[in-house]
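Notes to accompany the following structure.
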Amino acid sequence: MDEEAEIRTAKEAADHELILAFGRLQGAANRLEYILGRALEEECGISHLVFEVLLILGRAGEPGLSMRAIAQEQVLTTGGATRLVDRMEAAGLVERAEDPGDRRGRLVRLTPLGEETAVRASRVHVENIQRYFVQPVPAADRARFAEDLRILSHTARDVLPRLP
């Protein structure tokens, strides 16, 4: 029987096993984002979004990344990425530099403070990931769980259009 045909009432919709499973995934992600993001703010003075950009820039290394590349990595508009980078630059975490491949272009890269902040925040983040994300999952299931999350993430990523 078709799954759609089985849902006839709001109660049946609310109790549908697929809707419940996705709701649990979304709820867990939202709660973990809050818990881990709050810890970054309290212990390191940065938001989770700033932390993610520090990681993106750390992964990219020298000479840095364009604003467009940062926007695409974070699924932000270029305007949103520019405002975020402006705040990060004002805080001394990043700097803009000449693009060696484009005389008109500018690249964003970590400052020494940005590097230090990324390392300190990563230590806090890893400790909290261990506590709130890894430890609750039975040890025998962790590798499969991580692989399932990778598959879900890549499948969803591949459906999304790339930003222009």
**Prompt:** Among the candidates ARG8, ARG68, which residue alone is charged (D, E, K, R) and out of contact with any Ser or Thr (no Cβ under 8 Å at 6 or more places or on another chain)?
**Reply:** ARG8
**Request:** Go through region 75-95 and give me each residue that's open to solvent by less than 40 Å² (accessible area, probe 1.4 Å) and either among the small types (Gly, Ala, Ser) or in a strand (DSSP E or B) (or both).
**Result:** GLY79, GLY80, ALA81, GLY92, VAL94
**Item:** Pairs, first at negative phi in region 96-118, second small (Gly, Ala, Ser) and modelled with pLDDT under 85, C-beta under 6 Å, six or more apart
**Value:** ASP99/GLY105
**Message:** Going residue by residue through region 113-132, is there one that turns out to be of a type in the set (Ser, Thr, Tyr) and open to solvent by 40 Å² or more (accessible area, probe 1.4 Å)?
**Reply:** yes
**Prompt:** Which one of these is assigned to a helix (DSSP H, G or I) and either open to solvent by less than 40 Å² (accessible area, probe 1.4 Å) or more than 27 Å from PRO161 (Cβ to Cβ) (or both): GLU98, GLU41?
**Reply:** GLU41
**Request:** Tell me which of these SER122 doesn't satisfy, since it passes every other one: (1) within 19 Å of the chain's Cα centre (by Cα); (2) over 20 Å from GLU52 (Cα atoms).
**Result:** (2)
**Request:** Being farther than 15 Å from LEU110 by Cα and among the basic types (Lys, Arg) is the filter here, so list the residues in region 9-65 that pass it.
**Result:** LYS11, ARG24, ARG31, ARG38
**Message:** Among the residues that make up region 45-67, is at least one of them surrounded by fewer than 13 Cβ atoms within 10 Å (Cβ to Cβ) and under 15 Å from the mean Cα position of the chain (by Cα)?
**Reply:** yes
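The values are calculated or read from the model by the stated rules, or taken from the named source; none is laboratory data. Just so it is clear, the structure is predicted and the values come from calculations on it, not from any experiment. With ideal geometry, Cβ positions are generated from the backbone for all residues, glycine too; neighbour counts draw on all protein chains shown. All accessible areas refer to the heavy atoms of the entire protein, side chains included, with ligands and DNA or RNA removed. Shrake-Rupley method; radii C 1.70, N 1.55, O 1.52, S 1.80 Å.
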